[in-house]
Amino acid sequence: MTEINHRRADHPIHSIFLERWSPRAFTGDEISEKDLLALFEAARWAPSASNNQPWRFVYARRGTEHFASLLEILDEGNQRWAKKASAIVIILSKTHRLTSTGEMRPAYTHAFDTGAAWFALALQTRLAGFYAHAMAGIDRDKAMRVLGVPEHYRVEAAVAIGKLADPSTLPEDLREREKPSQRKPLGDFVFEGRFKAD
Ligand SMILES: Cc1cc2nc3c(=O)[nH]c(=O)nc-3n(C[C@H](O)[C@H](O)[C@H](O)COP(=O)(O)O)c2cc1C
């Protein structure tokens, strides 16, 4: 079976699923707007309930005035390594949708749909020669303020996008963790016919 990055798939899958991982060592290279927008193009084509497309992305490219303000939304532990990213992205979702009768109703699948869009972005990022590292370690209230987000939107996560650097460029305590992680076996989370709790 396919083995890449010391990750072995037990069933045949495309290599991209093993090639994508979340490094922290980034080179500090810049990314052009054209290259970055191509990554969001992949997210654009994600599926969503009723084709609502509730995902929203706010980006800052390294070398632009926005980079510092988006970087400051991240927890300090994430800023330590994400400061070398080529771009920082804040992912939001629209939590409500307008019904045909003009009411704002909670959109049950806003987070699920936005997760699909994030993963399309992550795979396209890897295919483009970059890596995407998601972060929940962010200050959501600060993000709402800094980005000027109104009600009916939720800040979901941030993503650092960059080119892979040597682990030796990381602070010492992060170097050891700088490797693709493993996964539970399929039998732990895929069940035929009936749910099995842990
Ligand atoms: C929603 C989400 C939040 C995450 N938050 C953080 C974070 O705050 N800091 C961090 O270093 N990594 C974060 N990660 C990265 C995960 O730890 C990583 O995806 C997981 O260990 C699997 O490893 P892999 O992506 O290298 O396959 C996050 C990933 C996801 C999907």
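Checking the condition within 13 Å of the ligand (Cβ to nearest atom) and either of a type in the set (Asp, Glu) or without any contact (Cβ under 8 Å) to a residue 24 or more places away in the chain (or both), which residue from Glu192, Glu178, Glu151 passes?
After applying the criteria, what remains is Glu178.
Residues being more than 15 Å from Ser181 (Cα to Cα), open to solvent by 60 Å² or more (accessible area, probe 1.4 Å) and without any contact (Cβ under 8 Å) to a residue 40 or more places away in the chain: count how many of those fall in segment 1-27.
The total comes to 4.
Please go through segment 166-198 and pick out each residue that is surrounded by 10 or more Cβ atoms within 10 Å (Cβ to Cβ), over 24 Å from the mean Cα position of the chain (by Cα) and not in a loop (DSSP other than H, G, I, E, B).
Passing the criteria: only Asp188.
Hey, can you tell me all the residues within segment 28-43 that are in a helix (DSSP H, G or I) and touching a residue at least 12 places away in the same chain (Cβ under 8 Å)?
Selection gives Glu33, Asp35, Leu36, Ala38, Leu39, Phe40, Glu41, Ala42, Ala43.
With within 16 Å of the ligand (Cβ to nearest atom) and without any contact (Cβ under 8 Å) to a residue 24 or more places away in the chain as the only criterion, which of Ala143, Ala160, Ala136 stands out?
Just a single option satisfies the conditions, and that option is Ala136.
Tally the residues that are modelled with pLDDT under 95 and either within 22 Å of Leu37 (Cβ to Cβ) or not hydroxyl-bearing (Ser, Thr, Tyr) (or both), restricting the search to segment 81-102.
Going through segment 81-102 one residue at a time, the tally reaches 3.
Among the residues of segment 77-94, is there at least one that is over 18 Å from Ala132 (Cβ atoms) and either crowded, with 20+ Cβ neighbours inside 10 Å or in contact with a strand residue (DSSP E or B) (Cβ under 8 Å, 6 or more places away or on another chain) (or both)?
yes
The values are calculated or read from the model by the stated rules, or taken from the named source; none is laboratory data. The model shown is predicted, which means the values in this text are computed figures rather than measured ones. Every residue, glycine among them, receives a Cβ derived from its backbone with ideal geometry; neighbour counts consider all protein chains shown. In case anyone asks, the SASA skips ligands and DNA or RNA and just uses the protein heavy atoms, side chains included. Shrake-Rupley method; radii C 1.70, N 1.55, O 1.52, S 1.80 Å.
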